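Working notes for the structure below.
Taken together, the values in this text are just the output of simple stated rules run on the coordinates, not laboratory data. The shown structure was predicted, so the numbers you read here are calculated from the model rather than taken from an experiment. Every residue, glycine among them, receives a Cβ derived from its backbone with ideal geometry; neighbour counts consider all protein chains shown.
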Protein chains: 2
Amino acid sequence: MPTSEAGSIRSAVSSDESGIPTGECHPRLARWTKSIRKSSLQEMLLTATRPGTVSFALGLPAPELFPAAALAKAAVDVLGHDPSALQYAPSLASLKRHIVEIMSMRGVACREAQIFLTAGAQQGMSLLARLLLNPGDKVIAEELIYTGFQQAIEPAEPCVLTVPTDRLTGMDVDAVELLLSSGERPAFIYSITDGHNPVGVSMSLDKRVRLVELARRYEVPIMEDDAYGFLSYDSAPLPPLRGIDPRWVLYIGSFSKILAPNLRIGWLIVPESLMDNLSIVKEGSDIDTATFSQRTVAAYLEGGHLPGHLRTLRAEYARRRAEMISALQEHFPPGIRWSVPSSGVFIWVNLGSGVDTSKLLKVALEKEKIAFIPGRAFEVRENHHAANCLRLNFSNCPASQITDGIMRLARLVKAEMA
Amino acid sequence: MPTSEAGSIRSAVSSDESGIPTGECHPRLARWTKSIRKSSLQEMLLTATRPGTVSFALGLPAPELFPAAALAKAAVDVLGHDPSALQYAPSLASLKRHIVEIMSMRGVACREAQIFLTAGAQQGMSLLARLLLNPGDKVIAEELIYTGFQQAIEPAEPCVLTVPTDRLTGMDVDAVELLLSSGERPAFIYSITDGHNPVGVSMSLDKRVRLVELARRYEVPIMEDDAYGFLSYDSAPLPPLRGIDPRWVLYIGSFSKILAPNLRIGWLIVPESLMDNLSIVKEGSDIDTATFSQRTVAAYLEGGHLPGHLRTLRAEYARRRAEMISALQEHFPPGIRWSVPSSGVFIWVNLGSGVDTSKLLKVALEKEKIAFIPGRAFEVRENHHAANCLRLNFSNCPASQITDGIMRLARLVKAEMA
């Protein structure tokens with residue numbers, strides 16, 4: 001205790017056995033918190049890390065593929081040469097230059113001045129939502145969508161206008177057009193164009209072209225979440241929306257899936273006219289993105305390691321995808337459908353109307369120590385179809401465990417359907 | 001370009017000479033953005049880093065005192081032993097344990113379960129604001145206050161009920177009582193109890209006791225921003241509000257000023273009942289706090305370096321404070337008043353009614369390459385007194401440059417007053 005006065009003051013406060021005061025306050029919370037649904041993702045993160053559990057649950061990259069040694073070397077170089085790597089600082093220009101190059105590999109031409117650095121894609125989404133959304137505003141999104149997107153917009157209590165997702169061609173762009181032509185002017189349209197989370201689909205080229213045309217015609221921006229786009233397994237991946245027509249596309253990129261999640265570095269590509277306002281929103285949120293991480297990533301990229309690393313990731317994840325698809329074909333009962341993703345890390349499985357995947361998860365964790373995410377976790381609002389679906393991740397699990405895990409899951413599925 | 005189709009699509013889009021498409025969109029922004037004031041802090045950050053400028057502007061710690069070598073060693077240990085340091089992960093329990101110990105040095109008893117890790121104090125503030133503030137809600141704050149606090153609450157367009165600050169004893173608690181007893185029930189009261197930014201004052205003990213009593217009586221939480229509290233220069237520092245009565249105090253702590261800003265690690269101490277909702281808000285904002293940074297800080301703390309490092313910081317900053325105070329006494333014209341802070345990194349100077357410090361800054365940067373922050377930057381709303389004041393930082397500038405810088409500033413002040 002710094003002062004005896006404070007000691008005597010504190011002794012007057014009720015305390016539990018440990019001497020720590022009890023009687024915590026229950027402050028009045030903002031109204032939007034009433035709509036909070038407990039996050040399945042955080043719960044899964046805890047369950048799925050229990051020893052012995054085979055987890056197909058979260059969208060985690062493979063930790064054994066992180067270039068830890070090269071990053072450690074980069075970190076030491078950064079700290080050894082420049083203690084100001086630990087100081088507050090403006091965003092690193094050299095990292096933006098590298099991102100311009102990386103984006104050209106993805107078919108997107110952009111300038112440094114259009115790049116805004118963030119603490120990962122989730123923050124990019126959250127900052128854009130703060131900038132674009134008034135309380136109660138409308139947004140267009142698919143019926144089943146990344147839960148983190150829902151969390152990013154929830155504080156504004158928006159009205160989400162949903163459109164279906166086709167399992168082969170992605171977002172229903174006819175439905176988007178119907179909304180816009182009937183007069184709806186949402187704050188933005190949310191799109192995961194490649195490696196859709198959770199459905200695993202990549203949007204067809206003609207839909208991409210039509211979607212950016214609609215955005216332009218109706219002057220509604222598209223928030224394009226490209227967290228998975230660099231993980232493509234086909235020989236000729238399509239460019240993201242931003243690569244087709246940049247004018248109304250606000251692009252969200254990230255190093256989380258292509259380098260390592262917990263450097264927490266991502267980026268936005270947006271009109272220069274948004275930069276000042278974005279800086280204010282960012283400063284109010286967390287001042288700036290960890291300079292140490294920025295410099296470490298820039299030093300790693302400077303070494304020219306990324307293209308080779310991406311080849312390694314794509315080859316290994318393609319192997320795991322193939323392993324999972326074969327296991328599904330071999331062990332799952334006939335009549336069950338799943339997606340074969342050309343990008344990303346997810347396979348979406350529809351077990352048909354007989355099986356409730358939320359209940360299945362409970363059994364799977366208890367009986368077989370298998371984790372996945374039940375479809376309902378991704379519903380914007382109740383969706384009967386989602387209850388029979390589940391999302392499987394294939395990037396986080398070594399190929400050797402995938403077949404065994406799918407076999408055990410298949411056993412439970414058969415029992416449920418029997 | 002990944003596909004030739006996309007190439008032909010893009011060629012149809014207008015582009016500038018560099019081949020990059022022009023015609024950027026101007027999406028409709030959320031209404032609150034209309035009230036955005038351009039941040040003096042970000043602008044200063046750019047100006048103040050120009051070579052040759054002596055900067056008393058920002059609240060930056062001294063980079064030459066960062067324990068860069070020990071942190072580099074910690075980072076390498078972390079990456080060498082465990083690649084999952086780069087993976088998504090729940091908050092690190094061992095770091096929370098260290099924070100419990102650190103807080104006991106500050107006179108605060110708490111449990112691990114009450115600690116929530118953040119990407120620095122600013123994020124702590126922003127997350128709490130999201131959790132507590134409805135659009136248009138009221139909050140109580142002082143008339144002159146940290147600009148980052150204003151940015152954190154701005155998206156909710158709150159009504160800020162202001163109370164004065166006494167230059168010697170801090171926040172006017174009578175004024176707080178008047179507001180509460182007249183029926184106001186703000187979402188929270190914001191307090192920088194020690195080393196106030198920008199005024200440099202630490203609240204007197206009797207005011208601390210009265211403020212927590214008011215919070216309890218009226219059931220209004222206090223958001224206590226303790227970014228500077230560990231940097232105390234007196235033999236018997238007072239405990240923060242949370243150390244006096246924890247019940248209605250939501251405490252915000254940070255490693256930014258006591259270790260290094262750009263690891264971006266801070267913490268909240270809050271009731272356990274808020275943890276689930278805070279996790280949701282955090283997840284929606286940026287998923288989680290960089291595990292790599294968390295582990296690096298934990299490894300550094302494990303080495304037992306912090307108490308010695310804090311002694312070094314306090315001794316050096318006390319020396320710089322003394323240097324600045326002597327220089328002000330020696331070179332500034334008589335009649336000018338300034339604070340002598342017992343904590344923190346700021347001295348608040350009142351030049352009297354003749355001098356507009358916003359104009360002075362322009363001259364100071366041009367003629368003498370001296371940077372400071374003019375008082376008006378901290379106004380919640382127009383405040384004629386603030387126009388004559390300025391904030392000086394003494395932590396970032398080597399002692400050897402302080403006297404010279406103050407001498408040059410004094411020359412300009414005398415010229416302005418002549």
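For chain B, the relative contact order works out to 22 percent when only alpha carbon pairs closer than 8 Å and six or more residues apart are counted. Sorting the segments A:283-292, A:72-81 by their mean number of nearby beta carbons within 10 angstrom, highest to lowest, gives A:283-292, A:72-81. Summing +1 for each Lys or Arg and -1 for each Asp or Glu among the other residues whose beta-carbon sits under 9 angstrom from that of B:Pro186 gives 0. Packing, as the average of other Cβ atoms within 10 Å across residues, places the peptides A:302-312, B:107-117, A:321-331 in the order B:107-117, A:321-331, A:302-312, highest first.
Applying both filters, DSSP loop and at most 12 other Cβ atoms within 10 Å, to the GluC sites (Glu not before Pro) of the stretch B:350-407 gives B:Glu382.
Each of A:Tyr88, B:Ala113, B:Val173 was scored by the projection of its Cα onto the charge dipole of the protein assembly as shown, and the greatest displacement toward the positive side belongs to A:Tyr88; charges sit on the C-beta of Lys, Arg, Asp and Glu. Legend: mean number of C-beta atoms from other chains within 10 angstrom of residue C-beta atoms, peptide B:259-268, equals 5. Classification of the stretch A:135-182 by its C-alpha gyration tensor yields an oblate form. The axis ratio a/c (a ≥ b ≥ c) is 1.5 or more, and b/c is at least a/b. With the helix formula -39500 (n - 2.57) applied to DSSP H stretches of n ≥ 4, chain B reaches a computed 222 nm mean residue ellipticity of -12500 deg cm²/dmol.
Converting phi to 3J(HN,Hα) with the Karplus coefficients 6.51, -1.76 and 1.60 and the offset θ = phi - 60°, the stretch A:107-112 yields x, 10, 8, 8, 10, 3 Hz in sequence order, with x at every glycine or proline.
Evaluate E = 1/(1 + (r/R0)^6) for B:Ala93 and B:Ala415, where r is the Cβ-Cβ distance and R0 equals 60 Å; express this FRET efficiency to the nearest 0.05. Computed FRET efficiency for B:Ala93 and B:Ala415 comes out at 0.55. About the centre of its Cα atoms, the protein assembly as shown shows a dipole size close to 380 debye [charges on the beta carbon of Lys, Arg (+1) and Asp, Glu (-1) only; nearest 20 debye].
Near A:Pro155: Cβ cut-off under 11 Å, other residues only, Lys/Arg at +1 and Asp/Glu at -1. The net charge is +1. For B:Glu143, the amide hydrogen comes within under 5 Å of the amide hydrogens of B:Val163, B:Thr165, counting only partners 5 or more places away or on other chains and with H modelled in the peptide plane.
Is there a simple number for the mean count of other chain Cβ atoms within 10 Å of the Cβ of residues in A:88-99, and what is it? Other-chain Cβ atoms within 10 Å of each residue's Cβ, averaged: 2. Distant-in-sequence amide contacts of A:Val249, defined by a placed amide H-H separation under 5 Å and a gap of 5 or more residues or a different chain, comprise A:Ile222. With R₀ fixed at 51 Å, the C-beta to C-beta distance from A:Glu382 to B:Met407 puts the FRET efficiency at about 0.10.
Cα gyration tensor of chain A, axes a ≥ b ≥ c as square roots of the eigenvalues: rounded (a/c below 1.5), prolate (a/b > b/c) or oblate? Cα axes put chain A in the rounded bin. Peptide A:244-252 is shielded by partner chain Cβ atoms: per residue, an average of 4 of them sit within 10 Å of its Cβ. Each Cα pair under 8 Å and six or more residues apart adds its separation to the average, and for the stretch A:229-360 the resulting relative contact order is 29 percent. A crude spin-label estimate for the pair B:Val363 and A:Thr53, with each label 7 Å from Cα along the Cβ direction, gives 6.6 nm. Annotation for the stretch B:336-408: trypsin sites (Lys or Arg not before Pro) lying in DSSP loop with at most 16 further Cβ atoms inside 10 Å of their Cβ are B:Arg381. Distance from the C-alpha centroid of the stretch A:282-307 to that of the stretch B:325-356: 39 Å, rounded to the whole angstrom.
Charge tally for B:Glu143 (other residues, Cβ to Cβ under 13 Å; Lys, Arg +1; Asp, Glu -1): -2.
Modelled spin-label separation between B:Ser400 and A:Glu101, with each label point placed 7 Å from Cα along the Cα-to-Cβ direction: 3.8 nm. Taking the label point 7 Å along Cα→Cβ, A:Val363 and its counterparts in the other copies are spaced 8.2 nm apart, in ascending order. Membrane-span-like helices in chain A (whole DSSP H runs, Cα extent of at least 30 Å along the helix axis, mean Kyte-Doolittle hydropathy of at least -1.0): A:306-331.
Would you mind getting me the FRET efficiency between B:Ser182 and A:Arg28? Use the beta-carbon distance for r and R0 = 22 Å, nearest 0.05. It comes out at approximately 0.75.
Placing dummy labels 7 Å off each Cα toward the beta-carbon, the span from B:Asp166 to B:His331 is 3.3 nm.
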